[in-house]
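Working notes, structure below.
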Amino acid sequence: MAGETSISTVQTGFIELAAIVRALHGEWTAPAAGYEGWTCRDLLAHLSSTAASLPAVASSVTEPRDPNTPTFDSTRWNAAQVRRRVDKDAQELMDEYDAGTTRLVMVLLDLALDKVVTVGPYAGLSLGEAMAEMLEHQRHHLSDLQRALAG
């Protein structure tokens, strides 16, 4: 996505990822290689929790950064999000991913990519930079998940 800064480009990137997620199938209890202790379902839970959080991350550009907010701890956050989704099956997680993407696409319509994100792991970056980083993050995990599900 280097050099691409339009809202529609960002939206298209996330919509494409959601289509990949919807097409996933396989043995969800299989280990996710490279993700110690995680199954494929756990990796999908991580992806769906991220997608669900992105509308709030994007919307944070309209709010000032709270100077008292502790530094984002991705390990703690990821573990908590996977734990909260332990009872959801793969279809529910795919639905959550899709719903998060739909909300993000709508939220982005009212935002400017040069505004600064004030929450999450990319706080301090422009919305465009944060969304580019998140797209890359999601693509990486989806590639790993596709390989793990293929067996």
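Of the residues making up region 114-151, those that are at pLDDT 95 or above and crowded, with 20+ Cβ neighbours inside 10 Å number 10. The number of residues in region 25-41 that are among the small types (Gly, Ala, Ser) and in a helix (DSSP H, G or I) comes to 0. Of all residues in region 23-38, exactly one satisfies the criterion of being closer than 17 Å to Asp87 by Cα and touching an Asp or Glu at 6+ places or on another chain (Cβ under 9 Å), namely Trp28. If you filter region 72-123 down to residues that are touching a residue at least 60 places away in the same chain (Cβ under 8 Å) and small (Gly, Ala, Ser), you find that the one that is nearest to Glu27 (Cα to Cα) is Ala90.
For region 95-112, the set of residues classified as surrounded by fewer than 20 Cβ atoms within 10 Å (Cβ to Cβ) and closer than 24 Å to Thr69 by Cα consists of Val107, Leu111, Ala112, listed by residue number. For region 26-45, a tally of residues being in contact (Cβ under 8 Å) with a residue 60 or more places away in the chain and not aliphatic (A, V, I, L, M) returns 7. Within region 71-83, the residues that satisfy the criterion of being loosely packed, with under 12 Cβ neighbours inside 10 Å and in a loop (DSSP other than H, G, I, E, B) are Thr71, Asp73.
I'm trying to understand the selection: among the residues of region 95-126, which are small (Gly, Ala, Ser), within 23 Å of Ser74 (Cα to Cα) and either in a loop (DSSP other than H, G, I, E, B) or in contact with a Cys (Cβ under 6 Å, 6 or more places away or on another chain) (or both)? Hits for region 95-126 are Gly120, Ala123, Gly124.
Would you check which residues across region 79-112 are at pLDDT 95 or above and acidic (Asp, Glu) and list them? Once the filter is applied, which keeps residues that are at pLDDT 95 or above and acidic (Asp, Glu), region 79-112 yields Asp87, Asp89, Glu92, Asp95, Glu96, Asp98. Among the residues making up region 39-70, a single one is within 20 Å of Lys88 (Cβ to Cβ), surrounded by fewer than 19 Cβ atoms within 10 Å (Cβ to Cβ) and not hydroxyl-bearing (Ser, Thr, Tyr): Ala56. Being touching a helix residue (DSSP H, G or I) at 6+ places or on another chain (Cβ under 8 Å), within 17 Å of Ala19 (Cβ to Cβ) and not hydrophobic (A, V, I, L, M, F, W, C) is a description that applies to His141.
The values are calculated or read from the model by the stated rules, or taken from the named source; none is laboratory data. Note that this is a predicted model, so its numbers are computed, not measured. Neighbour counts run over all protein chains shown; Cβ positions are idealised from the backbone, glycine included.
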